[in-house]
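Asks: To start, I am sharing the structure in question, which I have written as structure tokens.
Values in this text are rule-based calculations from the coordinates and carry no lab data. Values in this document were obtained by computation on a predicted structure and should not be read as measured data.
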Amino acid sequence: MTRTRTAVVTGASSGIGAATARELAAAGFHVFCAARRVDRLEALAAEIGGTAVACDVTDAGAVARLAETVGDTLDVLVNNAGGALGVDPVAEADVDQWRRMYEINVIGMVQVTQALVSALDASGAGTVVNIGSTAGHWVYEGGGGYVAAKHAVAAATETLRLELNGRPIRVTEIAPGMVQTEEFSLVRLGSQERADAVYEGVEDPLTAEDIAQTIGWVVGRPAHVNVDLLVVRPLAQASNKKVHRGPLLRRG
């Protein structure tokens, strides 16, 4: 009897995480949907036939309970939980916001990976997908804390790949650019008006589903194929700060 493949998606209660859970479930995975907001998780798990697991990735006890729920074998781990807070210059930054971003984006990713790496190994063909950001590769003003945290994600991902070399676990970073979700910019900026302004005039920013499909493609490659880093931007965005606002210039 063929074993049902399993996946863990953190930050699964909204945005890229929820879209990824749906994408992997459609590909035949039983998905453990992990996040803090249990009501949303339970609705998602019921929709896709998955398992809802209440988990704050910064809480070591909650992460241990997630690993216990998953069991001895795991095929895919998507470390998606993260986020940004504020746009203050470094010299004026709220250090508590920096600390919180590091805890969620970096420490949470490390704790979940530590807890599940033996189960990924046991699958014989495990995959870790860490959701980074273009902010983890190119700096920009006002991004200080988030940029620093996502650079740490990129560095930890590369180091993990080196350290797991020779074991049957692929390690990938997906680094999205401008993705319009219902919460990312709202949480970062604190108002819907400011969040909407980020995407104002941009023709077709990426969606959560775009990134979920990218994750699905990476996971679906043959087991010997490792995609180290995949940077994904909308056509209108050439760099973190160069964004075309208005209709794209089309001929004919």
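Asks: Could you tell me how many degrees, from 0 to 90 and to the nearest 10, lie between the Cα long axis of helix 15-26 and the main elongation axis, the longest principal axis, of the Cα atoms of the chain?
Replies: Helix 15-26 sits at roughly 40 degrees to that axis.
Asks: Here's something else I'd like to know. With runs of 4+ DSSP H residues as the only contributors, calculate the mean residue ellipticity of the chain at 222 nm using -39,500 (n - 2.57) per run, divided by the residue total and rounded to the nearest 500.
Replies: After summing the helix terms and dividing by residue count, I get -12500 deg cm²/dmol.
Asks: While we're here: Dividing the alpha-carbon radius of gyration of the range 1-118 by 2.2 N^0.38 Å (N being the number of residues), what value is obtained?
Replies: 1.12
Asks: Which angle from 0 to 90°, rounded to the nearest 10, does the C-alpha axis of helix 38-48 make with the longest principal axis of the chain?
Replies: Once rounded, one gets 70 degrees.
Asks: Let me understand the range 79-158 better: what is its radius of gyration from the alpha carbons, and its Dmax, in angstrom?
Replies: 14.0, 48
Asks: Another question about this same structure. Enter the Cα centre distance for the pair the range 180-252 and the range 144-169, rounded to the nearest angstrom.
Replies: 21 Å
Asks: Shifting gears a bit: Among DSSP beta bridges lying fully in the chain, give the percent that are antiparallel, nearest 5.
Replies: On the way: 1 of 29 bridges.
Here the antiparallel bridges make up roughly 5 percent for the chain.
Asks: Still on this structure, please answer the following. From the P(r) of the range 85-124, can you give the percent of Cα pairs sitting at distances over 13 Å?
Replies: 62 percent
Asks: How far is helix 108-123 tilted off the main Cα axis of the chain, in degrees rounded to 10, range 0 to 90?
Replies: Result, in degrees: 40.
Asks: Separate question: Over the Cα atoms of the chain, what radius of gyration and what Dmax do you get, in Å?
Replies: 17.8, 60
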